[in-house]
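Working notes, beginning with the structure itself.
Just so you know, all these numbers are worked out from the coordinates, no wet-lab data involved. Note that this is a predicted model, so its numbers are computed, not measured. Because the Cβ atoms are built from the backbone with ideal geometry, glycine has one as well, and the counts that use them run over all protein chains shown.
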Amino acid sequence: MIPAAVFESGGDAATALYIVAFSLFILGVRRGTHPTTAKQGNLIAAVGMAVAVVTTLLLDGIGNWGLIALGLGIGAAVGVTASIRVQMTEMPQMVALYNGVGGGAVALIAWSEIRHGISLGEEIPLDELIPVLFAAVVGSVSFWGSNIAFAKLQDLIPTRPLAVPGQQVINALLLVGIVAACVDIAVDNGDPSQAIFIAILLAAGLLGNLVVLPIGGADMPVVISLLNAFTGLSAAAAGFALDNVALIVAGTLVGSSGTILTMEMATAMNRSVGNVLFAGFGGAPASGGGATEERPHTSIGAQDAAIKLAYADSVVIVPGYGLAVAQAQHAVKEVADELEKRGVTVSYAIHPVAGRMPGHMNVLLAEADVPYEQLREMEEINPEMPRTDVAVVIGANDVTNPAAKNDPDSPIAGMPIIEVDQAQQVIVIKRSLSPGFAGIDNDLFYEPNTSMLFADAKQAAADIAGEIQNL
Amino acid sequence: MSLMTEITIFVLAAFVGFEVISKVPTTLHTPLMSQTNAIHGIVMLGGLIVVGNANDALEYVIGTIAIAFGTINVVGGFMVTDRMLGMFSRKPKPKPKAEGDGKGGS
């Protein structure tokens, strides 16, 4: 038997160590907001977590070491393996999954607490019961909602908005039902029904599914961030139920900082959080959507593209998710190198939400050793677009759609875009004319000065680099 | 701990969270989300506590899964964040014209 029970649960020593732990969390998050200190901040927070876990393991009342070892072992093995194996392109769904299991843990803890309360056969005090119910509902919503977000980003289910008629009404009814069931349990706190509690878990899970399903893939980072804040709050609620100060502070910290972060992310996309949640892309009958009739477009091959690029003075490359999927960053860098040898000025226009997470493109291009100075932000590059000879759109779609500016009825109206349509010529490298994340047609493809090069981004870039060498 | 003490802590922590996230550059949104995500993995402490109180087979199972889930959240969360930030730190530091930027010079 491991000699545990060094600290009295809720005693001064344990609390002091918890204070150390959450101070490290706050410091870690603070550092995480600056590029130079972010990595260190993450490490500081991880140390805080280690302190919190070790402290808890040494509390009195901790037992069943075999099960604890099993849980820790499985969790660590899965977490480490998944984190090492995951591709940079799959980071957002990985975060969604981690968030989901966190929410799931909260819901399970709540369930265990209520079973424990029932088995004691005494009245469960409301200041414990109410947080347990809150944790159960929010944890379950977060678990299922995150899983749907994961499935959408992993293309396990369609990324376009899936809506059921009368969705908002169904969601509202579910929510009312959940609240009513919670009130029922709280009123009957002398002998709460476990069956009703399980029903609450299931209904909350269904609600999580229904809320996230109608949201389009492009909005997923905002949704994941919001669910992240929710899980934080539910962890805080679990802290109230278990009288654990570390859980209360850490959970609340994540809840509030996550809320601010969610709002900042939505602002970067020129959308409000409410808009994301209740008016998913394509929710309104879109003029450009639905009917994708044959529209005339110009299609070219790698050789033509190479010629256009090689004889240009300035080229702007606009990367998007397609580049990430095809892992084309090195091939694209090769094209840029060839062009620079010929005296062409090359820069990269980075849309704040290009790819599936903010900063996605910066990460990929940094990996291919693209000089930092060549990465230009949207606001910076847009005024230069009319003076740009050729804009090359590689695997990007919605972030270049002029409908966002020109068509007030478009579902993406008002979203800031990279104004490639202002460039003298546009080459779009894409596998097909199919619509992007938002599920709407891109008018850019049918502009007279746009040439489409239908190919995999990596292959196309490699071909173009080869053709430029041959010129 | 009394309920009111807990609520006091909750409210103060909420304000700390709001204040700590000031203006975050877009490129750090995802890593920061991932880091805070790892921090709420602290629920694994709850798993450790409930598994000690468990008194039937189902509770053992629930508690063990809760620990495993929480551990995945913590371990995976911090590691993935570290990987993301590692990609950033590899970019070349020298930014010749950025000398005066920090001080607001032109």
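Grab the beta carbon distance between B:ASP56 and A:THR81, set R0 = 30 Å, and tell me the FRET efficiency rounded to 0.05.
0.40
Expected output is a single nm value to one decimal: the length gained when fully extending between A:THR345 and A:HIS297, i.e. 0.36 nm times separation in residues minus the C-alpha distance. What is it?
14.5 nm
Just grab the label-to-label distance for A:GLN40 and A:GLU122, each label 7 Å out from Cα along the Cβ direction, in nm (one decimal).
4.9 nm
Percent relative contact order of chain A, based on C-alpha pairs within less than 8 angstrom and at least six residues apart? Walk me through the numbers on the way to the answer.
Values: 811 pairs, mean separation 64.1, N = 471.
About 14 percent, as a whole number.
Taking a 24 Å limit on the Cα-Cα distance, which of the listed pairs A:LYS152/B:LYS23; A:LYS308/A:LYS405; A:LYS341/A:LYS430; A:LYS152/A:LYS405; A:LYS39/A:LYS430; A:LYS308/A:LYS341 fall beyond it?
Over 24 Å apart, Cα to Cα: A:LYS152/B:LYS23; A:LYS308/A:LYS405; A:LYS341/A:LYS430; A:LYS152/A:LYS405; A:LYS39/A:LYS430.
Measuring from label point to label point, each 7 Å out along Cα→Cβ, what is the A:GLN154 to A:LYS405 span in nm?
Between A:GLN154 and A:LYS405, the simple spin-label model gives 3.9 nm.
Give me the percent relative contact order of segment A:1-85, please, defined on Cα pairs under 8 angstrom at least 6 residues apart. Write out the running numbers ahead of the final one.
Numbers: 80 pairs, mean separation 29.9, N = 85.
So the answer I get is 35 percent.
Using only Cα atoms and rounding to the nearest 10 degrees, what angle (0 to 90) does helix A:65-85 make with the longest principal axis of chain A?
The helix A:65-85 is inclined about 10 degrees to chain A.
Can you run phi through the Karplus equation (6.51, -1.76, 1.60; θ = phi - 60°) for segment A:207-220 and list ³J(HN,Hα) in whole Hz, with x for Gly and Pro?
My calculation for segment A:207-220 gives 4, x, 4, 5, 6, 8, 3, x, 8, x, x, 5, 8, 4 Hz in order.
What's the exposure ranking of A:ARG115, A:ARG431, going from fewest to most Cβ atoms within 10 Å?
Numbers: A:ARG115 20, A:ARG431 14.
So the ranking, lowest neighbour count to highest, is A:ARG431, A:ARG115.
Can you sort A:PHE22, A:PHE197 so the residue with the fewest Cβ neighbours within 10 Å comes first? Can you show the working numbers first?
On the way: A:PHE22 25, A:PHE197 21.
The order, fewest Cβ neighbours first, is A:PHE197, A:PHE22.
Using just the alpha carbons, could you tell me how many Å³ per residue the convex hull of segment A:91-278 encloses?
Working: hull volume 19.7 nm³, N = 188.
Enclosed volume per residue, from the Cα hull, is 105 Å³.
Using amide H atoms built in the peptide plane, which far-off residues or other-chain residues are under 5 Å from A:VAL428 H to H?
Residues meeting the amide H criterion: A:VAL393, A:SER451, A:MET452, A:LEU453.
Using θ = phi - 60° and the Karplus form 6.51 cos²θ - 1.76 cosθ + 1.60, what ³J(HN,Hα) does each residue of segment A:91-101 get, whole Hz, x for Gly and Pro?
Result, rounded to whole Hz: 3, x, 6, 5, 4, 4, 5, 4, 5, x, 5.
Amide H to amide H, which residues 5 or more places from A:ILE317 or on other chains are under 5 Å from it, using H placed in the peptide plane?
The list, which skips near neighbours in sequence, is A:SER347, A:TYR348, A:ALA349, A:VAL392.
Residue by residue, what Karplus-based ³J(HN,Hα) values in Hz, rounded to whole numbers, does segment A:37-53 have, using 6.51, -1.76 and 1.60 with θ = phi - 60° and x for Gly and Pro?
Once rounded to whole Hz, the list reads 9, 4, 5, 5, x, 4, 5, 4, 4, 5, 4, x, 5, 4, 4, 5, 5.
Treating only the Cβ atoms of Lys and Arg (+1) and Asp and Glu (-1) as charged, compute the dipole magnitude of the protein assembly as shown about its Cα centre; round to the nearest 20 debye.
Computed charge dipole of the protein assembly as shown: roughly 1080 debye.
Once both labels are modelled 7 Å past Cα along the beta-carbon direction, what's the A:VAL176-A:VAL20 spacing in nm?
Taking the simple label geometry, A:VAL176 and A:VAL20 are separated by 5.3 nm.
Rounded to the nearest 500, what is chain A's calculated 222 nm mean residue ellipticity when only DSSP H runs of at least 4 contribute -39500 (n - 2.57) each, over all residues? Please report the intermediate quantities before stating the final value.
Numbers: 17 runs with 270 residues, N = 471.
Calculated mean residue ellipticity at 222 nm is -19000 deg cm²/dmol.
What ranking do A:VAL132, A:VAL6 get, fewest neighbouring Cβ atoms within 10 angstrom at the top?
Arranged by neighbour count, lowest to highest, A:VAL132, A:VAL6 become A:VAL6, A:VAL132.
Run the numbers for A:GLN327 and A:GLN168: contour at 0.36 nm per residue of separation, minus the present Cα-Cα distance, in nm.
53.3 nm
With unit charges on the beta carbon (Lys/Arg positive, Asp/Glu negative), name the residue among A:ALA354, A:GLN327, A:LEU365 whose Cα is farthest towards the positive pole of the charge dipole of segment A:326-376.
Positive-end residue among those listed: A:ALA354.
Let me know the volume per residue of the alpha-carbon convex hull for segment A:322-384, in Å³. Display every interim value, and only then the final one.
Numbers: hull volume 5.1 nm³, N = 63.
It comes to 81 Å³ per residue, whole-number rounded.
Measure nothing fancy, just the Cα-based angle from helix A:126-153's long axis to the longest principal axis of chain A, in degrees from 0 to 90, nearest 10.
30 degrees
Quote to one decimal, in nm, the extra length available between A:ALA69 and A:ASP191 on full extension: 0.36 nm per residue of separation minus the C-alpha distance between them.
40.6 nm
Mind giving me the FRET efficiency for B:ILE7 and A:SER434? R0 is 35 Å, r the Cβ-Cβ distance, nearest 0.05 is fine.
Working: r = 52 Å, r/R0 = 1.49.
For B:ILE7 and A:SER434, the calculated efficiency is 0.10.
Measure nothing but the geometry: give the 0 to 90° angle between the long axis through the Cα atoms of A:12-31 and the longest principal axis through the Cα atoms of chain A, rounded to 10°.
Helix A:12-31 sits roughly 10 degrees off the main axis of chain A.
Put +1 on the Cβ of every Lys and Arg and -1 on every Asp and Glu Cβ in the protein assembly as shown; which of A:ALA5, A:ALA110, A:THR345 then has its Cα farthest towards the positive end of the dipole?
The Cα lying farthest towards the positive end belongs to A:THR345.
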